[in-house]
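Here's the structure we're looking at; comments come further down.
Just so you know, all these numbers are worked out from the coordinates, no wet-lab data involved. It should be emphasised that the depicted structure is a prediction, and the values quoted were computed from it without experimental measurement. Glycine gets a Cβ as well: all are built from the backbone with ideal geometry, and neighbour counts include every protein chain shown.
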Amino acid sequence: MRSRPLVIACSAVIAGLGAATISPVEAAAAPRIDEARHEQALDILRKSIGFRTVKDGGQTPAYAQYLKDVFVSAGFAAEDVRIEPVGTTAIMIARYRGTDSAKKPIVINGHMDVVEAHAQDWERDPFTAVVEKGYVFGRGSVDNKFDVSMVTATLAHLKHSGWKPGRDVVLALSGDEETEMMSTRKLAQELKGAELVLNADAGGGLLSEENQPIIYGIQAAEKVYADFTLTVTDAGGHSSRPGKANAIYQLARALERLERYEFPAMQNEITRAYFEASAKNVAPELADAMKRFVANPTDAKAIETLSADREYVGQVRTTCVATMIQGGHAENALPQRATANVNCRIFPGTPIASVQRTLATVIADPGVNVAQAGSSSVEGEPSPLRPDVIAAVTQAVHASYPKVQLVPNMSAGATDSMHFRALGIPSYGVSGLFMKPSDDFTHGLNERVPVAAIDVSLTHWDTLLRALAR
Ligand SMILES: [Zn+2]
């Protein structure tokens with residue numbers, strides 16, 4: 001349903017946490033959110049789902065206008081909430097003025113667009129929010145209208161209650177995160193003077209099937225996505241007269257070499273912290289490998305153990321894998337052309353061009369052309385694990401779930417954050433959503449969010465902003 005193969009952003013909340021092996025820590029404390037605030041947040045979420053903000057659906061500007069109305073009703077000056085069209089979609093920038101305009105603003109980032117949903121395939125209309133069985137159903141109920149609505153409700157509440165941040169807090173919403181990200185580029189350019197970005201569309205907490213908190217992931221880095229096309233061409237001919245040259249065999253040999261190759265193991269601050277934290281929660285053999293890899297980045301045995309596990313291989317190295325092949329044009333003709341798509345998830349800091357050179361070197365056949373294909377994500381460095389950010393996020397998480405461990409992570413996906421990181425602005429995925437894997441229907445049918453997640457998220461954003469926006 002995605003218009004191009006650019007990685008799932010949001011369900012990466014859970015990916016890479018190795019959740020299955022971790023046991024819950026303790027029962028949830030009840031967040032203290034009064035009924036009126038809960039109802040207002042739920043109302044914003046329900047109305048948000050009602051806007052069909054799919055690609056070319058044309059309703060994103062109207063959705064932005066609705067959110068603007070919420071802010072203005074709460075006491076924001078109309079000129080502090082700016083909506084700008086970008087093609088058929090829009091961006092919205094809402095500025096919550098702080099006491100010191102000389103300080104760099106904190107940006108909260110989210111997206112207004114959603115992945116397409118076809119009503120005939122859903123049990124309920126995807127663009128009419130339905131509250132049933134303790135869930136809010138609807139397209140975007142999780143991705144990303146949940147956090148966008150909770151942040152909006154929180155900022156409106158804070159404004160209404162007279163709270164003043166020490167610096168400006170800017171809510172920056174993109175309108176095509178799921179597709180082209182043109183609006184994200186614009187946002188990042190306009191806000192490149194920011195102190196840091198809190199991305200509401202990444203990171204988040206994991207619940208057990210019994211709704212007990214397990215872990216909280218804070219996304220501080222992401223791998224770079226790139227596709228390459230391998231192409232072999234040949235004069236071809238009649239299949240009754242085969243010779244030495246055959247484009248399909250030649251391509252197959254190239255793919256075999258690629259299959260045997262492993263990119264070098266790498267580490268960064270985020271993956272080290274990730275393995276250190278994860279080692280407390282996995283089976284002894286894996287835990288041992290994680291600890292040894294952190295202590296010694298060239299420990300071959302540890303690298304082998306981690307690389308053999310699909311859950312962790314992506315945290316250890318750049319990976320490139322064949323995902324599609326095409327070749328030949330008739331059953332009775334020698335192939336004139338054979339191509340393969342190789343999909344790479346590149347360790348941040350490694351240029352896409354250097355991966356392309358490595359592929360060509362590994363394939364070691366000038367007859368195989370290696371070209372970058374399609375859209376790639378933009379290159380950016382991991383964001384440093386700033387103590388002030390970690391402390392504030394920990395406080396926010398612990399406000400609802402005391403003792404839950406924070407695990408920094410490097411996601412495989414491309415979120416809006418990459419455009420900010422590319423400009424040198426640290427960006428942290430800090431969604432306020434805790435959910436269980438069995439509730440995750442992001443991008444799929446019958447997307448839903450637990451109503452119980454609302455108060456936790458309101459507590460999360462309120463605590464986080466008070467702690468960080470000084
Ligand atoms: Zn998203």
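Observations on the model:
- Residues whose amide H falls under 5 Å from that of Ser411, counting only those 5 or more places apart or on a different chain, are Ala220, Ala221, Glu222, Lys223, with hydrogens built in the peptide plane.
- Chain lengthening between Tyr261 and Ala245 when straightened (0.36 nm per residue, less Cα-Cα): 3.3 nm
- Applying the Karplus relation 6.51 cos²θ - 1.76 cosθ + 1.60 with θ = phi - 60° to the stretch 371-381 yields 3J(HN,Hα) values of 10, 5, 10, x, 9, 10, 7, 8, 7, x, 7 Hz, where x marks Gly and Pro.
- Theoretical FRET efficiency, 1/(1+(r/R0)^6), r = Cβ-Cβ of Glu210 and Ala391, R0 25 Å, to 0.05: 0.30
- Under the Karplus curve 6.51 cos²θ - 1.76 cosθ + 1.60, θ = phi - 60°, whole-Hz ³J(HN,Hα) for the stretch 323-336, x wherever Gly or Pro sits: 10, 8, 10, 9, x, x, 9, 7, 4, 10, 10, 6, x, 8
- Value at 222 nm in deg cm²/dmol, rounded to 500, when DSSP H runs of n ≥ 4 in the chain each add -39,500 (n - 2.57): -10000 deg cm²/dmol
- Cα gyration tensor shape for the stretch 282-370, rounded if a/c is under 1.5, else prolate or oblate: prolate
- Each label point was placed 7 Å from the Cα along the Cα-to-Cβ direction; for Thr99 and Arg337 their separation is 6.6 nm.
- Taking 0.692 mPa s as the viscosity and 37 °C as the temperature, the Stokes-Einstein diffusion coefficient of the chain based on its alpha-carbon Kirkwood radius rounds to 140 µm²/s.
- Each residue in Val86, Val232, Val131 was given a count of other beta-carbon atoms within 10 angstrom of its own, and listing them fewest first yields Val131, Val86, Val232.
- Helix screen, the chain: DSSP H segments with Cα axial length of 15 Å or more and mean Kyte-Doolittle hydropathy at least 0.5 are 352-363, 387-400, 453-468.
- Oblate is the label for the stretch 423-465, because a/c, from the alpha-carbon gyration tensor with a ≥ b ≥ c as root eigenvalues, is 1.5 or above and a/b does not exceed b/c.
- In Hz, Karplus ³J(HN,Hα) per residue of the stretch 78-85 (6.51, -1.76, 1.60; θ = phi - 60°; x = Gly, Pro): 4, 6, 8, 10, 10, 10, 10, x
- Measuring r between the beta carbons of Thr88 and Ser354 and using R0 = 30 Å, the FRET efficiency lands at 0.25.
- Ranked for footprinting exposure by Cβ neighbours inside 10 Å, fewest first, Thr271, Thr339 give Thr339, Thr271.
- Neighbourhood net charge (14 Å Cβ-Cβ; Lys/Arg +1, Asp/Glu -1) for Ala36: -3
- Counted by neighbouring Cβ atoms within 10 Å, the residues Ser183, Ser400 run from fewest to most as Ser400, Ser183.
- Each label was represented as a point 7 Å from its Cα along the Cα-to-Cβ direction; for Lys133 and Glu269 these points are 4.4 nm apart.
- Take every DSSP beta bridge whose two residues both sit in the chain; close to 70 percent of them are antiparallel.
- Our Cα-only numbers for the stretch 346-470 put the radius of gyration and Dmax at 19.6, 60 Å.
- Solution diffusion estimate, µm²/s, Stokes-Einstein, the stretch 57-212, Kirkwood Rh from C-alpha pairs, 10 °C, viscosity 1.306 mPa s: 95
- Between Asp125 and Ala62, the contour length at 0.36 nm per residue exceeds the Cα-Cα span by 20.7 nm.
- Here Asn369 and Arg310 are evaluated by their C-beta separation; at R0 = 45 Å the FRET efficiency comes out at 0.90.
- Assigned charges on the beta-carbon of Lys, Arg, Asp, Glu; the chain dipole about Cα centre (debye): 900
- With only Cα atoms counted, the stretch 238-303 has Rg and Dmax values of 20.8, 62 Å.
- Compared with the direct C-alpha span, the chain from Gln189 to Met324 gains 45.1 nm at full extension, assuming 0.36 nm per residue.
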